[in-house]
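In what follows, a single structure is set out as structure tokens and then discussed.
Every read-out reported here was derived from the displayed coordinates using simple, explicitly stated rules and does not represent laboratory data. What you see is a predicted model; the values in this text were computed from it and never measured. Note that we place each Cβ from the backbone using ideal geometry, even for glycine, and neighbour counts take in every protein chain shown.
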Amino acid sequence: MKRIVTPSQTVGPYLKIGLEEIAPLGSQDIPGERITISGRLLDGEGKGVNDGMIETWQANARGKYAHPEDFQDKQTTPGFTGFGRVWTDPEGGFRFETIKPGPVPWNDVAPWNDAGPWKDTAPRNNSDNQAPHIVVSVFARGLLKHLVTRIYFQDDPLLADDPVLKTVTDAARRETLLAVPDSGNPGAYLWDIVLQGPRETVFFDC
Amino acid sequence: MPKVNGYRRQKPTQEVPYLYAPYASTVLRSPQQPLVVLPHTLSEITGPLQGHEAVRPNDNDLTRQHEGEPQGQRIIVSGRVTDADGRPVPDALIEIWQCNAAGRYRHEVDQHDAPLDPNFSGAGRTVTDADGAYRFVTIEPGAYPWGNHENAWRPKHIHFSLFGTAFATRLITQMFFPGDPLLPLDPVFNCVKDAKARNRMVSSFDIETTVPEHALGYRFDIVLRGRDATPMEG
């Protein structure tokens, strides 16, 4: 007998009471290419969401997750959990510093995994890897359930073969998943999250 | 190519919508484009495993975080965290936050005309044991007004945050109290169509965990997503 899963509810405006910010790099010197990602969380009128929270999860520079189900024969990085959490500021801005994740493997998704909506669009491509990416959860007052998206890197050579990006066929929409290098500012990337409207970010049914 | 055992999706009626107009803040914050269905990959079946190192003594007792005791009805909130197949979720971090007995949060944005309690912060954390069980001591939160609609009041609730075993099992929810007359009027609670799913969020009074001469017990079991069927080789 399957149990019904507890539904999600909004974090409301007072989430800072219970949930602390967590820097992905902590205090340790983590090997890898240092990057910063900054942007704004915007609502359907283009206003900054000042009571939002963004959580990030990523692999280390070798493309290894600090998790027992990562089956790859690669080493984790001591002191690097891969998790980060930032609140948005009064203008909806956010910024975090981390290391660029390495590529992680793609996997067979059919037919036992997510048959159903995915079944007909599943990329039967020959890609072994996913392009480097950070998975993101967005929480805020007014979001009854968190939104899931991904950060890819616009200047990464593996983008063209990424199986997930390929499923987003509209090029303009696909671009919402790409963090853009901030020219003249090495290691800095710009990436906004737009909850609604013409520039709406691609969100995933995860 | 490696195989990955993902997590099951909910029936749409048991899932919460993004746009739910009775809850006014959803109107400008909900996406209008359909979500893109993402198969679970290594990125989604892994996730932050925050555990025991995040918890300090007294973190699970919100009545002992200050010099004096907070005002209000002392309660014990306990239960088990399992997945949808009934398997316990051990060593899982649970973080909670709530308002005080008067219905006021210790937060600069909360300007409700009700007193703050110098002996109550309203934040707690704990980790589930090997059987998925957890326990908090706190005080019963008050109801409070909010600006959603005319004479709108939130029912008494405690916010719960859990990671579970993977990025895909992340859950932030709210625990409500049985028989609260505000529940049928609350658009946040009622955003879930299926009554059984909605009532997952309502705790039950529990005489077994009620401590004589000390505190009332409420039971709140939390169910996280279950795994897809085990992949067959070949």
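What the table below lists for this structure:
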{"item": "Likely footprinting exposure, A:Trp106, B:Trp146, fewest C-beta neighbours within 10 Å first", "result": "B:Trp146, A:Trp106"}
{"item": "Candidate lysines - alpha carbon under 30 Å from A:Lys145, same-chain residues fewer than 8 apart omitted", "result": "A:Lys2, A:Lys16, A:Lys47, A:Lys64, A:Lys100, A:Lys119, A:Lys166, B:Lys3, B:Lys11, B:Lys156, B:Lys193, B:Lys196"}
{"item": "Estimated distance in nm for a label pair at B:Ser204 and B:Gln73, the labels positioned 7 Å out from Cα along Cα-to-Cβ", "result": "1.8"}
{"item": "Debye log10 I(q)/I(0) at q = 0.08, 0.09, 0.14 Å⁻¹ for the protein assembly as shown, Cα point scatterers", "result": "-0.44, -0.57, -1.41"}
{"item": "Length-normalised contact order for chain B - Cα pairs under 8 Å, 6+ apart - percent", "result": "27"}
{"item": "Amide proton proximity set for B:Tyr218, modelled H, under 5 Å, gap of 5+", "result": "B:Ile76, B:Val77, B:Ser78, B:Asp206"}
{"item": "Relative contact order, percent, chain A [alpha-carbon distance under 8 Å, six or more residues apart]", "result": "26"}
{"item": "Residues whose placed amide H lies under 5 Å from that of A:Ala179, excluding near-sequence neighbours", "result": "A:Tyr152, A:Phe153, A:Gln154"}
{"item": "Nonlocal amide H pairs with B:Asp61, under 5 Å, H built at 1.01 Å", "result": "B:Val137"}
{"item": "Value of Rg/Rh across the stretch B:28-142 [Cα atoms, Kirkwood radius]", "result": "1.08"}
{"item": "Translational diffusion coefficient (Stokes-Einstein; Kirkwood radius from C-alpha pairs) of the stretch B:155-234 at 37 °C, 0.692 mPa s, in µm²/s", "result": "220"}
{"item": "Under the Karplus curve 6.51 cos²θ - 1.76 cosθ + 1.60, θ = phi - 60°, whole-Hz ³J(HN,Hα) for the stretch B:82-99, x wherever Gly or Pro sits", "result": "10, 8, 5, 9, x, 6, x, 10, x, 6, 9, 6, 10, 10, 10, 8, 7, 8"}
{"item": "Relative contact order, percent, the stretch A:154-196 [alpha-carbon distance under 8 Å, six or more residues apart]", "result": "31"}
{"item": "Electrostatic dipole magnitude of the protein assembly as shown [Cβ: Lys, Arg +1; Asp, Glu -1; Cα centre; debye, to 20]", "result": "840"}
{"item": "Helix-only [θ]222 nm of the protein assembly as shown, DSSP H runs n ≥ 4, -39500 (n - 2.57) each, per residue, nearest 500", "result": "-500 deg cm²/dmol"}
{"item": "Ranked list, fewest to most other Cβ atoms within 10 Å of each Cβ, for A:Glu200, B:Glu53", "result": "B:Glu53, A:Glu200"}
{"item": "Unit charges at the beta carbon, dipole of the stretch A:24-98: most positive-side option, A:Thr77, A:Gly93, A:Pro24", "result": "A:Thr77"}
{"item": "Ranked B:Arg198, A:Arg34, criterion: other C-beta atoms within 10 Å, fewest first", "result": "A:Arg34, B:Arg198"}
{"item": "Overall Cα dimensions of the stretch B:90-234 - principal axes, largest extent first, Å", "result": "64, 38, 31"}
